[in-house]
1. Can you tell me the relative contact order of the stretch 79-182? Whole percent, Cα pairs under 8 Å, sequence separation 6 or more.
2. If R0 is 41 Å, what FRET efficiency do you get for residue 179 and residue 12 from their C-beta distance, rounded to 0.05?
3. Mean residue ellipticity at 222 nm from the helices of the chain, using -39,500 (n - 2.57) per DSSP H segment of n ≥ 4 over the full residue count, to the nearest 500 deg cm²/dmol?
4. Roughly what would the spin-label model give for residue 21 and residue 74, points 7 Å off Cα along C-beta, in nm?
5. Quickly work out the residue 205-to-residue 131 label distance, labels modelled 7 Å from Cα along the C-beta direction, and quote it in nm with one decimal.
6. Just the Kirkwood number for the stretch 137-192, please: inverse of mean 1/r across all distinct Cα pairs, in Å, one decimal.
7. Over what distance in Å are the Cα centres of the stretch 52-105 and the stretch 113-188 separated?
8. Which whole-number percentage describes the relative contact order of the stretch 131-253, with Cα contacts under 8 Å and a sequence gap of 6 or more?
Ligand code: PEP
């Protein structure tokens, strides 16, 4: 049995003071809790301070993005090595807001995943279909293409620490959650697709998180699905109280 892996994506929210307070509260609340793995994705400029608060505890810190290049003339960008140096263990790659607002392509996402792996940052690779793609019956095709494009030319032995987050775009920040069965079906498809490419053992041990309007009220039911190994939470991770309620909902029987 895998431990649930619950990650909160703060996006472009909170002040440094609020973030620091949140991290301290989370550390205390999770002290000694071994049945769950938890993480947060603060904005870049909070990372150093928050990583310090959370070092040597069971909460991991993920950056919300990195650039695909190691270093160089990329004004305004942040490298994988920079976030690794301040203590991040994970990084979100291919979040739907990056794909849709900032026009990130599968090949750029693929280059970022390779860069993350090259510095031993663990990618949380986000994929998901839009409403129009779902309604035109193309969910599986879109998911398959995102998997193929994002993981192109990466061998299984380099992907041991990969996490995939299935986040239907129509459910992100909209209040519309995928029905637990709907999410489970796509998770099963993702796992089978990964099994075809990398083998059954790899696919079985792969963590696949669900994200899209996860709240304290629906977290337990989503996590009860056999193919859902964790949750990527946006809006409901911004206040400590609601994030903690989600953690508590999934860590209780
Ligand atoms: C997200 O941003 O990854 C997300 C799932 O957001 P929300 O929970 O607000 O839908």
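1. Normalised by residue count, the contact order of the stretch 79-182 is 30 percent.
2. On the way: r = 29 Å, r/R0 = 0.71.
For R0 = 41 Å, the calculated efficiency reads 0.90.
3. Details: 11 runs with 106 residues, N = 253.
Rounded to the nearest 500, the figure is -12000 deg cm²/dmol.
4. 3.5 nm
5. Distance between the two pseudo-spin positions: 4.1 nm.
6. Taking the inverse mean of 1/r over all distinct Cα pairs, the stretch 137-192 comes out at 12.7 Å.
7. Computed from Cα coordinates, the inter-centre distance equals 17 Å.
8. Numbers: 150 pairs, mean separation 30.3, N = 123.
Here the relative contact order equals 25 percent.
Read the figures in this text as sums done on the coordinates, not as results from a lab. Model, not experiment: these values are computed from the prediction. Heads up, the Cβs are rebuilt from the backbone with ideal geometry, glycines too, and the neighbour counts pull from every protein chain shown.
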